[in-house]
Number of protein chains: 2
Amino acid sequence: MKKPTIKDVARLAQVSVSTVSLVINEKTSVSEKTKTKIQIAIKELNYYPRRIARGLASHTTGNIGFILTDDHFSLVEPFYTKIFLGTEFEARKHNYYILLTTVPTKFDQKKSIPRFLLEKNVDAVIMAGRVPERLIEIIIEMELPVILVDYYNRRFKTAAVLIDNIEGAYQAVNHLIHSKHKKIGFIGGDLKHPSIADRYDGYKKALMDNNISLNKNFVVTHELNTSIPTGYNAMHEILKKGDWPTAIFAANDAMAIGCMKRLKEEKIRIPEQVAIIGFDDIDADIQIEPHLSSIRVKKEEMGAIAAKQVVTMIKNKKHISEKILAPTDLIVRASTKSNSNL
Amino acid sequence: MKKPTIKDVARLAQVSVSTVSLVINEKTSVSEKTKTKIQIAIKELNYYPRRIARGLASHTTGNIGFILTDDHFSLVEPFYTKIFLGTEFEARKHNYYILLTTVPTKFDQKKSIPRFLLEKNVDAVIMAGRVPERLIEIIIEMELPVILVDYYNRRFKTAAVLIDNIEGAYQAVNHLIHSKHKKIGFIGGDLKHPSIADRYDGYKKALMDNNISLNKNFVVTHELNTSIPTGYNAMHEILKKGDWPTAIFAANDAMAIGCMKRLKEEKIRIPEQVAIIGFDDIDADIQIEPHLSSIRVKKEEMGAIAAKQVVTMIKNKKHISEKILAPTDLIVRASTKSNSNL
DNA sequence: ATTTATTATCGAAACGTTTCGAAACATATT
DNA sequence: AATATGTTTCGAAACGTTTCGATAATAAAT
């Protein structure tokens, strides 16, 4: 026997098709009596409306598009994968499915527009990571609700979910201070990078709140990037100055690892002589000796927040352009365990 | 200006709507002349058919459902996540989107049927891991193409993508043999587990092919599970017998790790005195000392194969019920590096 | 030149809903 | 009792395609 349609329900309940539609969509203005009559018919026939038919009639798809650039996706660190999974999970709670796609970094207006946009097959779009400006523009022109995750572009007034870099850095430095450190260095690499700048601000704020004055000898922020060698060089530079800090906050784990490398060469013990904490909580943190303390970004939560936001936009037919900061977690490992705790 | 429809194209090209449809769907029996005329009109108007409209008319969705149980999904090891990503990537190549969902392990016929099935919103289904039998049944009744990944149930004659356990084990043991080992142990835990049984077969086959006779003193397969303690106990048992193997193949990495633990207690050096290789290539392999050699399963490829199979089924309107074995990779790390190679 | 087979195009129905304005009904107001 | 007001139900159009049987145009066979 074929799958029943709304007509079958209407017939069985002895009402019109439109009335059945009203109760399916939980519109008011249906009397209790006919409502229950219809609900019984629905149960009886085991009826469930087809997504595609309602879609055509209501200009609605039940899908949310998720876009990231191909390079972001194939990274070793599953950063964006986790964001995606967070989105996926949250969307499902609200009865939306996620259509995932990647776009080439070298975006081509003619060829790389995601199919779900051309086919009008999504009700909103979530974009993760640095994404082509032109693409953002196109989506805005389509008047779809949009939110960016872990990226922001001031040219557009879109909503965004961003890492709370200031707060995360603050947590890291605060942790060091509570472990009785007073001479705390900062290795930032490239301060032009917006998130590094924020982390530097968090560092300074933590010091200030604890009445510790900033010692420029402990700070290196003039490099060109934020890689392992950068951390290595920065540590070297600090050591050269003679006045050694007892703890280092590196603005990411890569630099923290470079930094540890240099210290090990000098046979400086971690954390006894110099404690170290990084930022990002990458997998390598527990492969290095001693295990590296770090600040963890709640990636799944970032994705979930994004989903929640676009769902609200869809429901309210009103675009939001709020920037939301996702919380961070302090992860304490051996590299900052104070002696007294060992 | 509104998005153009097929009618606009027909009007501009001075043909009927149905003819336009024919060229969109690349049906034959359209003369070259009118075909190009229509194609020009399509370009001109920047027309792209709406997925949802074609869906309603053609009883087709362009979606593939991906189902796994909730417990599988939240595992620490991102095994199924990787399978999913492989599926996703391959499906996109064929112009399908994946709708992901989880079902509760304690499946409830009334409540836990995935929404995309009720809504008739997928053209085929991929299921990963051990999935409720009743659910498989339901999907088969719907006559949707199905494939199972990393699971098989003989009650149904579905297609399946499975790990090539025999070949993987063979690779592992063969590697040990080529490293000049002749006394090779097998730690299997629970032989009732089908994949363990297969790995045991691969072990025996490798020995046989190299004219090494099986020494029962080196084999432990009578435990109840396949965990770290099992590996620990098994190693203990083997050591007690006095006749020590020079290498161990553990049927999974967890047992291999337990095994290493016991050896370390005895101050037996790995790999100098006893080499060890596991199976699964879990993350922990590179957190343990020495790093554990293992057999890697190509998870993304498993997902991709599954996608490819269901797409073929959809295209050919013909169900397949073939079992496909996914290849494995030998990953050599410190735990089996022969001395000569150091 | 006429009939037959083949190819190209078309018109209209169908797919299964939602939506909108009108009709029917019920209740309150005069 | 008649009118106004509010609530519930309905019929029909609309959404944008595909599909199918019929017709028109062309080529092949007699």
What's the magnitude of the charge dipole for the range B:236-342 around its Cα centre, counting Lys and Arg as +1 and Asp and Glu as -1 at the beta-carbon? Answer in Debye, nearest 20.
420 debye
Among all the lysines, which ones have a C-alpha under 16 Å from B:LYS318's C-alpha, if same-chain residues fewer than 8 places away are not counted?
B:LYS157, B:LYS308
For a quick check: with amide H placed at 1.01 Å from N, whose amide H comes under 5 Å from B:VAL219's, ignoring anything fewer than 5 positions away on the same chain?
B:PHE186
Put A:ARG54, A:ARG11, B:ARG199 in order of accessible area, largest first, probe 1.4 Å, and you get A:ARG11, A:ARG54, B:ARG199
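Place the peptides B:220-233, B:285-298 in order of packing, highest mean first, counting for every residue the other Cβ atoms within 10 Å and averaging per peptide. Display every interim value, and only then the final one.
Details: B:220-233: 18.3, B:285-298: 20.7.
The most tightly packed comes first, giving B:285-298, B:220-233.
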Long-range amide H partners of B:ILE324, meaning residues 5 or more apart or on another chain whose placed amide H is closer than 5 Å, are B:ALA160, B:VAL161, B:LEU162
Among DSSP bridges having both ends in chain A, what percentage is antiparallel? Round to the nearest 5.
15 percent
Computed over chain A: longest principal axis from alpha-carbon atoms vs helix A:79-93 long axis, angle to nearest 10 degrees, is 30 degrees
Given H placed 1.01 Å from N in the peptide plane, which residues other than close sequence neighbours of B:LEU100 have an amide H under 5 Å from its amide H?
A:ILE98, B:PHE66
Specify the inter-centroid distance of the range A:115-141 and the range A:312-326, based on alpha-carbon positions, in whole Å.
16 Å
Could you give the angle, 0 to 90 degrees to the nearest 10, between helix B:194-209's Cα long axis and the longest principal axis of the Cα atoms of chain B?
60 degrees
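Mind checking the dipole of the protein assembly as shown: about its Cα centre, +1 per Lys or Arg Cβ, -1 per Asp or Glu Cβ, Debye to the nearest 20? If you can, show how the numbers build up before the last one.
Working: 100 positive and 78 negative charges, 478 e Å.
About 2300 debye.
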Taking the label point 7 Å from Cα in the Cβ direction, how far apart in nm is B:LYS216 from each other copy of itself, listed shortest first?
8.0
Filtering GluC sites (Glu not before Pro) in the range A:122-172 by DSSP loop and by at most 12 other Cβ atoms within 10 Å leaves A:GLU143
Area hidden from solvent between A and B (accessible, protein heavy atoms only, 1.4 Å, total, Å²)
3400 Å²
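Label the protein assembly as shown by shape, choosing from rounded, prolate and oblate, from the square roots a ≥ b ≥ c of the eigenvalues of the Cα gyration tensor; if a/c is under 1.5 it is rounded, and otherwise prolate applies when a/b is larger than b/c, oblate when it is not. It would help to have the intermediate numbers written out before the result.
Working: a/c = 2.10, a/b = 1.30, b/c = 1.62.
Because a/c hits 1.5 or more and a/b fails to exceed b/c, the protein assembly as shown counts as oblate.
Find the relative contact order for chain B and round it to a whole percent, using C-alpha pairs within less than 8 Å whose residues are 6+ positions apart. Walk me through the numbers before you get to the answer.
On the way: 627 pairs, mean separation 60.0, N = 342.
Computed over chain B, the figure is 18 percent.
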Do the sum for chain A: with -39,500 (n - 2.57) for every DSSP H run of n ≥ 4, divided by all residues, what is the mean residue ellipticity at 222 nm, to the nearest 500 deg cm²/dmol?
-13000 deg cm²/dmol
Label-point separation, B:LYS93 to B:GLU322 (7 Å along Cα→Cβ), nm
1.5 nm
Given a 1.4 Å probe and heavy atoms of the protein chains only, how would you sort B:HIS59, A:HIS178, largest accessible area at the top?
B:HIS59, A:HIS178
Show me, for the range B:308-315, the HN-Hα J-couplings you get by feeding each phi into the Karplus relation (A = 6.51, B = -1.76, C = 1.60, θ = phi - 60°), rounded to Hz, glycine and proline as x.
4, 5, 5, 4, 4, 4, 4, 4
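What's the extension gain from A:THR60 to A:LYS315 if we count 0.36 nm per residue and subtract their Cα-Cα distance? Don't skip to the end; give the middle numbers.
Numbers: separation 255, 0.36 × 255 = 91.80 nm, distance 1.12 nm.
Full extension of this stretch gives 90.7 nm more.
Return the FRET efficiency for the residue pair A:PHE107, B:LYS205: r is the Cβ-Cβ distance, R0 is 51 Å, and the value is rounded to the nearest 0.05.
The computed FRET efficiency comes out at 0.50.
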Listed pairs A:LYS43/B:LYS120; A:LYS110/A:LYS317; A:LYS241/A:LYS267; A:LYS82/A:LYS298; A:LYS264/A:LYS337 exceeding 19 Å between Cα atoms:
A:LYS110/A:LYS317
7 Å along Cα→Cβ for the label point: how many nanometres lie between B:ILE40 and each equivalent label in the other copies, listed shortest first?
6.4
Identify, among A:SER21, A:ILE184, A:ASN316, the residue whose Cα sits farthest towards the positive end of the charge dipole of the protein assembly as shown, taking +1 on the Cβ of Lys and Arg and -1 on the Cβ of Asp and Glu, with the dipole about the Cα centre.
A:SER21
Inter-copy label distances at A:THR5, 7 Å along the Cα→beta-carbon direction, one decimal in nm, shortest first?
1.8
Folded to 0 to 90 degrees: helix B:253-265 orientation relative to chain B principal axis, Cα:
20 degrees
So, with points 7 Å from each Cα along the Cβ direction, the A:ASP70-A:GLU133 label distance in nm works out to 2.3 nm
May I ask you to list the aspartates and glutamates whose Cα is less than 20 Å away from that of B:LYS2, ignoring any residue fewer than eight positions away on the same chain?
A:GLU119, A:ASP123, A:GLU137, A:GLU141, A:GLU143, B:GLU44
Evaluate the charge dipole of the range A:6-49 about its Cα centre and quote only its size in Debye, nearest 20, assuming +1 on the Cβ of each Lys and Arg and -1 on the Cβ of each Asp and Glu.
80 debye
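The values are calculated or read from the model by the stated rules, or taken from the named source; none is laboratory data. Just so it is clear, the model here is predicted, and its values are computed rather than measured. In this analysis, Cβ positions are derived from the backbone assuming ideal geometry, glycine residues included, and neighbour counts consider all displayed protein chains. With ligands, DNA and RNA removed, areas are computed over all heavy atoms of the protein, side chains included. Shrake-Rupley method; radii C 1.70, N 1.55, O 1.52, S 1.80 Å.
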